[in-house]
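Laboratory data are not the source of any read-out in this text; all were calculated from the coordinates shown. The model shown is predicted, which means the values in this text are computed figures rather than measured ones. We place every Cβ from the backbone using ideal geometry, glycine too, and count neighbours over all the protein chains shown.
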Amino acid sequence: MAQRRIVIGDVHGHYSALMQLLEEIAPATDDAVYFLGDLIDRGPNSCQVIDFVRQSPYRCLLGNHEQMLLGSFPNGRIYQPCLDAWLQSGGRATLASYANGGIPRQHIEWLKTLPASIDLGDFWLVHAGVNPHVRPEQQTPQDTCWIRDEFHRHPQPYFANKTIVTGHTITFTLPDVQPGQLARGPGWLGIDTGVYSVRSGWLTGVDLDNPLVYQANVWTDEVRVRPLEDAAYSIDPAKVQPRLQPRPQPRKTTPLRRSIFGKRPTSNEVLKGCASA
């Protein structure tokens with residue numbers, strides 16, 4: 001059994017902040033480290049982040065940003081509507097992190113293996129949350145990777161005997177939560193503190209067993225450690241206001257594509273070694 005169970009929120013391509021965070025956490029060989037998804041997009045070093053996590057003993061969940069990337073290149077071909085939406089949502093930074101050399105096959109294949117959830121017994125790890133009206137085995141990728149308000153507004157715990165730990169929704173977008181704070185709700189804990197946000201910049205990891213909160217700030221290089229009880233704010237689900245949450249709509253992206261590749265990309269250019277036969 002692992003000595004410590006460490007859960008890390010959305011990294012979004014911020015490799016340096018991740019290295020600072022892990023240096024402070026100092027995982028031992030018998031510690032278990034879990035990433036809640038959204039390793040990629042927005043930040044400058046998605047390629048490095050994937051390389052590091054893929055070659056580590058750590059486990060990672062599928063986030064909505066990984067889902068968008070995979071949906072952009074089914075069977076080695078570009079699916080333009082999904083590609084446009086992904087680029088609009090931070091994918092351009094991911095492509096740029098590969099220095100225009102294309103995303104290698106081993107990265108794509110590894111992303112395809114990421115699970116939607118991990119059950120730790122007393123904790124259930126998932127990227128976004130759960131549909132509170134269906135059983136765990138009925139949850140869809142739309143639920144586990146994308147859900148927000150329906151989950152946060154639910155007044156009762158989903159599980160009677162375990163806590164759901166999520167990323168996806170930046171905590172300070174929830175009622176009364178301040179930048180850098182974690183968010184608690186009935187039977188859940190949200191730890192995406194908005195590493196890419198100018199209002200926050202905090203990347204968060206949580207030791208579930210002690211429990212402690214580790215944070216590294218991408219803007220100031222500050223690193224801090226606090227007890228979970230001091231770092232998390234308990235929200236009132238009734239105060240969560242419904243938000244329109246459509247997936248990013250496709251739009252014409254020719255100028256964006258040209259800014260990356262100099263011309264309209266082919267499958268070979270975007271996916272290194274992944275062109276369809």
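What does the extension gain come out to for GLU222 and MET19, with contour length at 0.36 nm per residue minus their alpha carbon separation?
Length difference between fully extended and current span is 71.8 nm.
What is the percent of Cα-Cα separations in segment 197-246 that go past 16 Å?
Cα-Cα pairs of segment 197-246 separated by over 16 Å account for 57 percent.
Quick one: work out the % antiparallel among DSSP beta bridges in the chain, nearest 5.
Around 55 percent antiparallel, to the nearest 5.
Counting other C-beta atoms within 10 Å, which of THR94, THR113 has the fewest, and how do the rest follow?
Least crowded to most crowded, the residues run THR113, THR94.
Need the full-extension length gain, ASP209 to ASN100, defined as separation in residues times 0.36 nm minus the C-alpha distance. One decimal, nm.
Result: 35.1 nm gained on full extension.
In whole Hz and in residue order, list the ³J(HN,Hα) couplings for segment 179-186 that follow from phi through the Karplus curve 6.51 cos²θ - 1.76 cosθ + 1.60, θ = phi - 60°; x for Gly and Pro.
So the J values, rounded to whole Hz, are x, x, 7, 7, 10, 10, x, x.
Determine, from the Cβ-Cβ distance of TYR79 and ARG135 and an R0 of 35 Å, the FRET efficiency 1/(1 + (r/R0)^6), rounded to the nearest 0.05.
Here the calculated transfer efficiency is 0.65.
Stick to Cα atoms and the Kirkwood definition of Rh, then tell me Rg/Rh for the chain.
0.96
Report the calculated FRET efficiency for ASN161 and LYS239 (r = Cβ-Cβ distance, R0 = 22 Å), to the nearest 0.05.
Given R0 = 22 Å and the Cβ-Cβ separation, E is 0.25.
I'd like the distance separating the alpha-carbon centroids of segment 34-94 and segment 195-211, in whole Å.
Using only Cα atoms, the two centres lie 20 Å from each other.
Using the crude model of +1 on Lys and Arg Cβ and -1 on Asp and Glu Cβ, and no other charge, please compute the dipole size for the chain relative to its Cα centre, in debye to 20.
So the dipole magnitude of the chain works out to roughly 1360 debye.
Test of understanding: what is the full-extension gain from ASP230 to SER89, defined as 0.36 nm times their sequence separation minus their Cα-Cα distance?
Additional length available on full extension: 47.5 nm.
For the chain, what is the mean residue ellipticity at 222 nm derived from helices alone (per DSSP H run of n ≥ 4: -39500 (n - 2.57); sum divided by total residues; nearest 500 deg cm²/dmol)?
-7000 deg cm²/dmol
How would VAL11, VAL53, VAL165 line up from fewest to most surrounding beta-carbon atoms within 10 angstrom?
VAL53, VAL165, VAL11
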